[in-house]
1. Which net charge results when you count Lys and Arg as +1 and Asp and Glu as -1 among the other residues whose beta-carbon is under 15 Å from that of L86?
2. Pull up all non-local amide H partners of G374: gap of 5 or more, or a different chain, and H-to-H distance under 5 Å with H placed in the peptide plane.
3. With every protein chain present, what accessible area does H318 have (1.4 Å probe, heavy atoms only), rounded to the nearest 10 Å²?
4. Please report, as a whole percent, how much of the solvent-accessible surface of the range 285-357 comes from carbon and sulfur atoms (probe radius 1.4 Å).
5. Counting only the heavy atoms of the protein chains, how much of I44 is accessible to a 1.4 Å probe, in Å² to the nearest 10?
6. What FRET efficiency, computed as 1/(1 + (r/R0)^6) with R0 = 51 Å and r the Cβ-Cβ distance, is obtained for A294 and E125, rounded to the nearest 0.05?
7. So who's got an amide H within less than 5 Å of the one on I184, skipping anything under 5 residues away but keeping other chains? H placed 1.01 Å off N, in plane.
8. Once phi is turned into θ = phi - 60°, what whole-Hz ³J(HN,Hα) does the Karplus curve with 6.51, -1.76 and 1.60 give for every residue of the range 463-476, x standing for Gly and Pro?
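The values are calculated or read from the model by the stated rules, or taken from the named source; none is laboratory data. Predicted model, so just to flag it, every value in this text is computed and none were measured. Heads up, the Cβs are rebuilt from the backbone with ideal geometry, glycines too, and the neighbour counts pull from every protein chain shown. Only protein heavy atoms, including side chains, enter the accessible area calculation; ligands, DNA and RNA are left aside. Shrake-Rupley method; radii C 1.70, N 1.55, O 1.52, S 1.80 Å.
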Amino acid sequence: MPTVPPAGGSAAAEAAAEAATARDRGGDRLRFVGAATRRIARGIDLDEIVLGLCRATVPTFADAILVYLRDPLPVGDERPVGPVVLRLRRTDRIPLDPDTDSGRLSLLPSQPDLSPAVGGGPAAELCEVEAGGPLAEVLRGVRPVFGDSQAARAALPELLGEGPSVATGQRTVLAPLRGRRRVIGAAVFVRRPDRPPFEPDDLLVAAQLATHTALGVDKAVLYGREVYIADELQRTMLPDSLPQPTGVRLASRYLPAAETARVGGDWYDAIPLPGNRVALVVGDVMGHSMTSAAIMGQLRTTAQTLAGLDLPPQEVLHHLDEQAQRLGTDRMATCLYAVYDPVAHRIVVANAGHPPPLLLHRGGRAEVLRVPPGAPIGVGGVDFEAVELDAPAGATLMLYTDGLVESRMRDVWTGIEQLRERLTATARLTGPNPPPLEPLCDEVLDMLGPGDRDDDVALLAARFEGIAPSDVAYWFLDPKAQTAGQARRLARRALARWDLDDLTDAVELLVSEVVTNAVRYAERPITLRLLRTDVLRCEVGDDVPQLPRLRQARPSDEGGRGLYLVNRMARRWGATRLSTGKVVWFELAMPS
């Protein structure tokens, strides 16, 4: 006869089976939590993190989810003022089966209609959390709660609105999203009636998902603030727009090393100088970090100040070298400083360890300019040398940083040769006419391949147009009492030669006033120059460094009204201190 097992054996087997099932469920939960948190952690910005939560939980953990975040989200340690407002950031759900769900609409990411998982109308998009109310109490408690608990039954209508109602039983979980210092939102997990309800252990799963999501959102908000600060820092460090001086056209480009390193030490600048000249500057501080950008900003400001003194290029680099040494022993940078004179059709260039500029001639020939390389800024104790070169009309000068020509795939000289070939090939497309400046810059940047972006890229292009000698009149005048009258006669003849007789009276008056002020204090011959471009510009130079100051003359004063007349009658005017004195200039609009 078969042996009948004792009744207790069957119970033990059932208990063992239940324990094994529980272990399997526990293992499944652990694997799910691990996979879900990894997916959430992969997100960098806010949308990626919230999307990661939704895609990780639906349909594995829940049939539908709503994610609410504070609006606006607090950043770091800032303390928001005003009431706490939650905005529905994203929803997700499994698609509905039209055969079993009466053809109801399926949930879309932007459609917060959760019926039948959540009955009634669509969930509210905005919720103002009432201080001391049931929702505030649940959020303050941090731990997830079932939807049929007493706290959740009062809190969910406040969050979702009065229309929707959640599924009965333990098929809804309300989980606060708590960041490092404060609650930043809430997530609602919902299961449909045809699926088993949540279990107590699922609250721990919801807590893990909510914690990882909240911490990820916190980091994303901080990262977004850092990106904003980096963008603003870089934007303020670089010129908002380039000047448009007469005789030269300018274009520029700037590319950060990568989206995750949006600031760097590369810069460019174009600074108008007296006599329609322009200083062209490009530089590169080592590294691409906040520190590099800050040093770059100080060096750029120093270069602008030195340019305002109209120092020779080699002297500008010398003072930049001293400034870099004052900033620290390891503050190294390269810089190229050039001054273009559209009247003389010449350019003076000094280099401090920077890649040499390229000149694209009107006929399509591109050449690397022979400029002494010099030592980088910050080395100290090194002399810089300047060279003067022809700058023919129609030629294009290309200044750039080494990020354009150097990478892991090629050395700097190979990159420079490729840049020269690219300029030559682009110029062939337009024949005898020089290529348009803005498309030319885009063509240059197109030479960067996928693996060529190791560093920031700054690019400054200058198309030389020049000022014809026939549009310039220049004189040296002795500082005598009769000089003002002589200046009026010379200006009158120049205007007659240019058919600008309509400006004669105004020019004679203003020239007389400015020359009289120069003669009063000058000891060496003064200069008078007239330039005819889109405006008529007059420049008077002397050897006195003190700049004139506009002031209101009293009725009893015999003088002091010269600059007042200039200010009233001229289109623009100004004064620039030079190493040898100063230049006072004014401009008049050309007659129509």
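1. Residues close to L86 contribute a combined charge of +1.
2. G353
3. 70
4. 56
5. So the heavy atoms of I44 present about 100 Å² to solvent.
6. For R0 = 51 Å, the calculated efficiency reads 0.75.
7. L177, R178, G179
8. Taking θ as phi minus 60°, the curve returns 9, 6, 10, x, 10, 5, x, 5, 9, 10, 10, 9, 9, 9 Hz for the range 463-476.
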